[in-house]
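Novice: Got a structure for you, questions after.
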Ligand code: SF4
Ligand code: SF4
């Protein structure tokens, strides 16, 4: 029958008509983000950072600028460099995350935000003070230990520097205190991070 | 004093309040405010009041229609539509209009200034003129013309001239394309459009829209299914609505005939188009759905019933626009000439035979078809419509023949070319 296809087309639009709209009203509601979302406002933990500047060297765009000065104590005594400048020019950042991959001390994490619109380019540079004061909700990208703990930066609260590392913080303390570490590669069925008995040996 | 105007409630009230029984107007209750010899002022004031109401109603209606169309189109596409300005975005058309008013009003250098400027006025005028015969409720019409249907068709084809003026005077090739397409299409659709209404005129025995409404003991949508279909499709072509919007096809010729228009002129053209849909829905409701008459209280709630039916047809127009893609010009022409025209002719013929059979014309005096006779006609016409659509649908359907590929050696290919 002629016109049957037309009627079918009308039915398709009618079906859409009674469906709830897909639109997300942006300023009021947001699309749920994945916890591994690589966003802005890097989460940087000064307590963990040694000032090694690996992140600056690995950045393909060279947009991280780090200036350090010697702290009071020598590294052997447990001291580290003071970070004077830690600028990330986020206007040119492409969120590749190589800086996070490069950081050996779990001090730098990708952020979880995406709303850093500014009127001037200069304002897009994240300074060290900003990094210090930021509410740190690290993305779990490239940090499996965070992901395993079930942390979701979009729902959970900000994390302290003690909570984000690959190992428990006490582990490091004991290592510095001279504990001998027997390295044992992880096996399937290992309980992750359960006690630090095997680490102390 | 024309005899038509005194039937209008608003006109009579204003006129009698001001002018009263002066002059040759003997139908007012008593004396009016103005002294004798000033009937012309009362006449002018009454006319102005009516014009004011009608123009504002048409433009406000266009604004509401713009809003509802955007909202509904969005819903048809599972979006939300404008919802920032006011509750449910109801003030969006006002924001649009404000924006358009403060835009620069550009007239191209090469344009024919006079024709260019006249176009929005003519388009809006054609629309407002067609509202003059529309019965909004019982006794609420401007004029009860005895040639109402003819008048609508004549006035609504004026927009064809306006479109061509727009295209020609813009001195822009895209505007010209749009105008040429428009003229070709609109003139073709005019013919089935007129023929589709002949059946109604035959049944009613009058062209006055008021008597059309009064004769509808059965909605003419059932008695004249073919006529209603052809009229609906034809009028949506006249309105340049989406399946037929080749004259402003955005993806092909920028904006068609109104490419060069901006600012308030563009706003007027849009207002005329949008209010045109309202007017077309109103005429569909009047001619095929019984206008102001409803299941109960058609005297008191006449305007309400009319608005309900109008809203239903507007919804249908929006639904069609949300669904169908734009047709090609040859498809549109084939649709008009191979599908709509035969359908309109069949409708005409069948209705004529029926009307003759039911002894409508006894001697020279037209009679009234009773309700039962109308139901019998409906029972005959609906199967006739289905069969006719089935038959003529085949003719207008395009048969796609893939041409046989022809291989030709136009030049020797480089591989076989001999090198001296
Ligand atoms: S995410 Fe990539 S581009 Fe951005 S700072 Fe890190 S390494 Fe550089
Ligand atoms: S790589 Fe890590 S530890 Fe080294 S400077 Fe960058 S953030 Fe600090």
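Novice: Here are some residues: A:101, A:41. Which one is within 19 Å of residue A:166 (Cα to Cα) and within 15 Å of ligand 2 (Cβ to nearest atom)?
Specialist: On the way: A:41 fails: within 19 Å of residue A:166 (Cα to Cα).
Testing whether each residue is within 19 Å of residue A:166 (Cα to Cα) and within 15 Å of ligand 2 (Cβ to nearest atom) leaves just A:101.
Novice: A further question follows. Hey, residue A:84 hits all of (1) closer than 22 Å to residue A:135 by Cα; (2) over 14 Å from the mean Cα position of the chain (by Cα); (3) free of Cβ contacts under 8 Å to residues at least 60 places away in the same chain; (4) within 16 Å of ligand 1 (Cβ to nearest atom) but one; which does it fall short on?
Specialist: (4)
Novice: Can I ask one more? Residue A:8 is checked against (1) within 11 Å of chain B (Cβ to nearest Cβ); (2) surrounded by 15 or more Cβ atoms within 10 Å (Cβ to Cβ) and fails just one. What number does that condition carry?
Specialist: It fails just one condition, (2).
Residue-wise test of (1) at pLDDT 85 or above; (2) in contact with a helix residue (DSSP H, G or I) (Cβ under 8 Å, 6 or more places away or on another chain).
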| residue | (1), (2) |
| --- | --- |
| A:2 | no, yes |
| A:7 | yes, no |
| A:15 | yes, no |
| A:35 | yes, yes |
| A:40 | no, no |
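Novice: Does residue A:48 count as in a loop (DSSP other than H, G, I, E, B) and away from chain B (no Cβ under 12 Å)? So that I can check it myself, show each step before the final result.
Specialist: Working: in a loop (DSSP other than H, G, I, E, B): yes; away from chain B (no Cβ under 12 Å): yes.
Against the criterion (in a loop (DSSP other than H, G, I, E, B) and away from chain B (no Cβ under 12 Å)), residue A:48 qualifies.
Novice: Say we look at the range A:11-45 and pick out the residues that are in a loop (DSSP other than H, G, I, E, B) and facing chain B (nearest Cβ under 10 Å); which of these is farthest from residue B:77 (Cα to Cα)?
Specialist: Going through the range A:11-45, the residues in a loop (DSSP other than H, G, I, E, B) turn out to be A:18-38, A:45.
Within this subset, residues satisfying the condition of being facing chain B (nearest Cβ under 10 Å) are A:18-25.
Details: A:18: 10, A:19: 9, A:20: 10, A:21: 8, A:22: 9, A:23: 10, A:24: 14, A:25: 16 Å.
This residue is A:25.
Novice: Only one of these is outside the structural domain of residue B:298 (by TED's automatic domain parsing) and assigned to a helix (DSSP H, G or I): B:93, B:120. Name it.
Specialist: On the way: B:120 fails: outside the structural domain of residue B:298 (by TED's automatic domain parsing).
Being outside the structural domain of residue B:298 (by TED's automatic domain parsing) and assigned to a helix (DSSP H, G or I) holds for just one of B:93, B:120, which is B:93.
Novice: Condition first: within 14 Å of chain A (Cβ to nearest Cβ), surrounded by 18 or more Cβ atoms within 10 Å (Cβ to Cβ) and within 19 Å of the chain's Cα centre (by Cα). Now tell me which residues in the range B:291-329 satisfy that.
Specialist: Just the residues of the range B:291-329 that are within 14 Å of chain A (Cβ to nearest Cβ), to begin with: B:315-327.
Of the ones still in play, those that are also surrounded by 18 or more Cβ atoms within 10 Å (Cβ to Cβ) are B:317-318, B:320-323, B:327.
Correct list: B:317, B:318, B:320, B:321, B:322.
Novice: For the range A:95-113, indicate whether the set of residues that are modelled with pLDDT of 90 or more, surrounded by fewer than 14 Cβ atoms within 10 Å (Cβ to Cβ) and more than 10 Å from ligand 1 (Cβ to nearest atom) is non-empty.
Specialist: Scanning the range A:95-113 turns up no residue that is modelled with pLDDT of 90 or more, surrounded by fewer than 14 Cβ atoms within 10 Å (Cβ to Cβ) and more than 10 Å from ligand 1 (Cβ to nearest atom).
Novice: Going through B:40, B:67 one at a time, which residue ends up being more than 24 Å from residue B:241 (Cα to Cα) and away from chain A (no Cβ under 13 Å)? Full working, then the answer.
Specialist: Details: B:67 fails: more than 24 Å from residue B:241 (Cα to Cα).
Residue meeting the stated conditions: B:40.
Novice: Only one of these conditions is not met by residue A:60: (1) touching a strand residue (DSSP E or B) at 6+ places or on another chain (Cβ under 6 Å); (2) within 15 Å of ligand 1 (Cβ to nearest atom). Which number is it?
Specialist: (1)
The values are calculated or read from the model by the stated rules, or taken from the named source; none is laboratory data. What you see is a predicted model, and the numbers here were worked out from it, not measured in a lab. Cβ: placed from backbone, ideal geometry, glycine included. Neighbour counts: every protein chain shown.
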